[in-house]
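Working notes, structure below.
The values are calculated or read from the model by the stated rules, or taken from the named source; none is laboratory data. Here the structure is a predicted model, which means the values were calculated and not measured. Using ideal geometry, Cβ is built from the backbone for each residue, glycine included, and neighbour counts are taken over all protein chains shown.
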Amino acid sequence: MSEAAAQFDALRPRLMRVAYRMLGSVCDAEDVVQDAWLRWQATDRGAVRVPEAFLRRVVTRLCLDQLKSAKVRREQYAGPWLPDPLLAEAEEDEAEDVTLPLMLALERLSPLERAAFLLHDVFGESFEAIADSLGREPAACRQLAARAREHVRAEKPRFPVDRAHGMEIAEAFYTATREGQTARLGAILAEDVRLHSDGGGKRPAAARVMRGASEVTRTFAAIARLSRGRPGELIRYAYVNGLPGFVTREADGVLQTSALLIEDGRIKAIYVMRNPDKLRHLERSVH
């Protein structure tokens, strides 16, 4: 392996973290990182003092270009949009720095606000370094991050859920929804629960966000009736984008992920990914 390839491969996981959190798409993030590799090969690397800072700047700028076209695609998206799911095992202790609700909140920001917030608040870059990446003054980057922080503050969990307790609720939710236990389901849902289901126009999913325990309970009861005799298969419980949940293979053979936002011991939001295009990357690790 060449020195250039060795340097890049050592940084690839960190560059993927930046790109994925900027774009919410594993495929797009991989494309950006691959483009960064091509640019790294063509760069006078002897003039680069800090390869990681240089490559993070390249990835950030490529992501900003991607977000312009992504905004148009998402405006035309069929039904609710969710980021591609990333999994962590239930027993892993490392907390996800950008949870699924926070990623949805980032979607409401401008690309520059999103970049400034992620680079400073998540990845710990100085505003001087961010200014270099964004082509703005440090003071302007500070303002971008402050505006972003104000918008996403409500999406940060006030009281992180104990991982074991989160998995217990995920198991109870799985059993109640698959067996049509409406009373048991109602007992673990918050009154103002929301159900986000992303089928991307490729698989059946709700065309809007379902709201309220009554509507969500009726929805899962109807799904349980329709699925009777072909319930699908539980692959494993896992943390999905920082939230307790599980992975299933449904009766049509396609993977599905479910993630639960839990507050005060009840499920506040449910995020179901059904779009096969956004689940393809999980086929590599899920058996």
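Farther than 15 Å from ILE267 by Cβ, at pLDDT below 95, more than 25 Å from the chain's Cα centre (by Cα) and surrounded by 17 or more Cβ atoms within 10 Å (Cβ to Cβ), is that true of ALA129?
Here the answer is yes, as ALA129 does meet what is asked.
Can you tell me which residue within region 147-171, out of those that are in contact with a Pro (Cβ under 8 Å, 6 or more places away or on another chain) and at pLDDT 75 or above, is surrounded by the most Cβ atoms within 10 Å (Cβ to Cβ)?
Per the stated criteria, the residue is ALA170.
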